[in-house]
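Structure first, commentary second.
What follows draws every value from the coordinates through simple rules; no lab data is involved. The structure presented is a predicted model; accordingly, all values stated were derived computationally and were not measured. Here the Cβ is made from the backbone with ideal geometry for all residues, glycine too, and neighbour counts use every protein chain on show.
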Amino acid sequence: MDLVLTLVAPPNAGAFSINLREVFASVGARGKESRKLSAGEGAATDVILEADDLSAVRAALQAPMAGQSLDWCLQPLAGRRKRLLVADMDSTIINVECLDELADFAGLKAEISAITERAMRGELPFEGALRERVAMLKGLPVTALQAAYDERARLNPGARTLVRTMAANGARCVLVSGGFNFFTQRVAAAAGFHAERANTLGEAAGALTGLVGEPILGRAAKLAALTEEAAALGIPFAQTLAVGDGANDLAMIEAAGLGVAYRAKPIVAAQADARIDHADLTALLYFQGYAEDDFVPD
């Protein structure tokens, strides 16, 4: 079968030092052709190859690629352009964990961030960790939510181009967060998502109650979102793309046709089909075969 290896390097990544022909030959694969996807700073290239075993080629690439300052994705050539994007928000589409930033307004960032880190690494059950952290914010003025969004939250590089380009090409784009709908509503509008799903924070008398709406949107709910959105479009998982960074993203990343770990925790990076550790979120477009000229400008 024909596979495609996409290499995406950020600006100033340095020279690529792997002999791909030798790597391919070691597992009985054969390179066929390559083409440039970008012409600006950095570089994105597709390498088409013929192989019988995708897993064997991917395993052969792991060690040599680990020493390169670039991101890569190996997948079947057919069907690489996806019709559904399901994306995590905190530390994926935006630069921060919104709950940690709210904690900063309450003077509790160190304590709450430590719990967040453990939950995202999969060391704590997500739902219990969320309830614990939200309870610590009881009494925080609701005005802190808007302040946290205005002062701290920023779209990660490439996020708006990713969403706008996929949407312009007929894909549905959904933001799914274990965070809060106050933020997902604003981030979805800023980036161009079609829909968003998230948790709700309890409020009363202008302050947070320390409660989160039930049921909590966690790992299972993110997978359910992927499943329900794909069913609504009448498409198989093979035509879906999921991206995230934390343990609560793992189920949807494993189920998607292309599951990508973005600046992710080790438990997520180890299970994803591909990782983005160096480039920006437009790497997800290159992985799907979009060329730079195809991008809808930010």
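Summary table below
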{"read-out": "The stretch 145-218 versus the stretch 1-30: alpha-carbon centroid distance in Å", "value": "36 Å"}
{"read-out": "Phi to ³J(HN,Hα) by Karplus 6.51 cos²θ - 1.76 cosθ + 1.60 over the stretch 255-269, Hz, x for Gly, Pro", "value": "7, 5, x, 10, x, 10, 9, 10, 6, 8, 5, x, 5, 7, 4"}
{"read-out": "Protection proxy ranking, peptides 101-111, 240-250, average beta carbon neighbours within 10 Å, highest first", "value": "240-250, 101-111"}
{"read-out": "Whole-angstrom gap from the stretch 224-269 to the stretch 53-111, using each part's C-alpha centre", "value": "11 Å"}
{"read-out": "Cα gyration tensor shape of the stretch 82-298, rounded if a/c is under 1.5, else prolate or oblate by comparing a/b with b/c", "value": "prolate"}
{"read-out": "Ellipticity estimate at 222 nm from DSSP helix runs (n ≥ 4, -39,500 (n - 2.57)) divided over the chain, nearest 500", "value": "-10500 deg cm²/dmol"}
{"read-out": "Of 32/222; 82/138; 82/109; 82/222, pairs whose Cα-Cα distance is over 30 Å", "value": "32/222; 82/138; 82/109"}
{"read-out": "Angle between the chain longest axis and helix 126-135 axis [Cα atoms, degrees, rounded to 10]", "value": "40 degrees"}
{"read-out": "Cut-off 12 Å between beta-carbons: net charge of the residues surrounding residue 46, Lys and Arg +1, Asp and Glu -1", "value": "+2"}
{"read-out": "Packing-based ranking, highest mean first, of 190-197, 282-289 given that Cβ atoms within 10 Å are counted", "value": "282-289, 190-197"}
{"read-out": "In sequence order, calculated HN-Hα J values of the stretch 22-33 (Karplus, 6.51, -1.76, 1.60; Hz; x Gly/Pro)", "value": "5, 4, 4, 4, 5, 10, x, 9, 9, x, 10, 6"}
{"read-out": "Burial ordering of 268, 174, 134, 296, fewest other beta-carbon atoms within 10 Å first", "value": "296, 174, 134, 268"}
{"read-out": "The stretch 38-156: C-alpha gyration tensor shape, a/c 1.5 cut-off, then a/b vs b/c", "value": "prolate"}
{"read-out": "Dipole magnitude of the chain, debye to nearest 20 (Cβ charges: Lys/Arg +1, Asp/Glu -1, about Cα centre)", "value": "280 debye"}
{"read-out": "Cβ-placed point charges (K, R +1; D, E -1), dipole of the stretch 139-298 about Cα centre in debye, nearest 20", "value": "200 debye"}
{"read-out": "Tensor-based shape of the stretch 230-298 (alpha-carbon gyration tensor, a/c under 1.5 rounded, otherwise prolate or oblate)", "value": "oblate"}
{"read-out": "Mean separation of Cα contacts under 8 Å, 6 or more apart, over the residue count of the stretch 82-298: relative contact order %", "value": "26 percent"}
